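*Asks:* Sharing a structure below in structure tokens format, with a few things to ask.
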Amino acid sequence: MKPLGGQPSFGSLRELSRVVGNDCAVEIDTNSYSVPWRLIGERVAVTVAAGEVRIRHGMREVAVHKQSQGRRLRIVDCVHLDGIAGRDGLSADRRSRQRRCRGRLHRPRCCVLLPNTKPRSEGASNGAG
């Protein structure tokens, strides 16, 4: 069998379970996808299909991201960070960008790609045991 029109002959669907990290994200295929900060430490269900990453907590869908083809990237929807302590003390420039982002609520353009720069654990870097 050959794919029709360059399309694969069947769709790929993956169901995963993840725990939301302290960085308000879940890791899938080396990339981190944001979820609302209130879910830190909670277990979520992830569906990867049709170029999208859909994240559910219980029966409620809490995040949808375009699946990243890159590696070690952070895909962030800035709405997921609203309400985090310290976000009110932003510089005027960052506050302006935050307002623009809020105005695009639920639009994919609000998502940004950032390099995945997770800090190394302090114990691993200094050899302390």
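*Asks:* Those residues that are within 15 Å of ARG18 (Cβ to Cβ) and not in a strand (DSSP E or B), I need them from the range 41-69; list them, please.
*Replies:* GLY41, GLU42, GLY58, GLN67
*Asks:* Let me ask something else. Among what's in the range 1-46 and is over 16 Å from HIS80 (Cβ atoms) and hydroxyl-bearing (Ser, Thr, Tyr), pick the residue that is modelled with the highest pLDDT.
*Replies:* SER17
*Asks:* Let me ask something additional. Looking only at the range 28-40, count every residue that is surrounded by fewer than 18 Cβ atoms within 10 Å (Cβ to Cβ) and not in a loop (DSSP other than H, G, I, E, B) and tell me the total.
*Replies:* Matching residues across the range 28-40 total 1.
*Asks:* If you don't mind, another one. Looking at VAL79, VAL62 in this structure, which one is of a type in the set (A, V, I, L, M), touching a strand residue (DSSP E or B) at 6+ places or on another chain (Cβ under 6 Å) and modelled with pLDDT of 80 or more?
*Replies:* Only one candidate passes the filter, namely VAL62.
The values are calculated or read from the model by the stated rules, or taken from the named source; none is laboratory data. Bear in mind that the values here come from a model prediction, so they are computed numbers and not experimental data. Please note: Cβ atoms are built from the backbone with ideal geometry, for glycine as well, and neighbour counts cover all protein chains shown.
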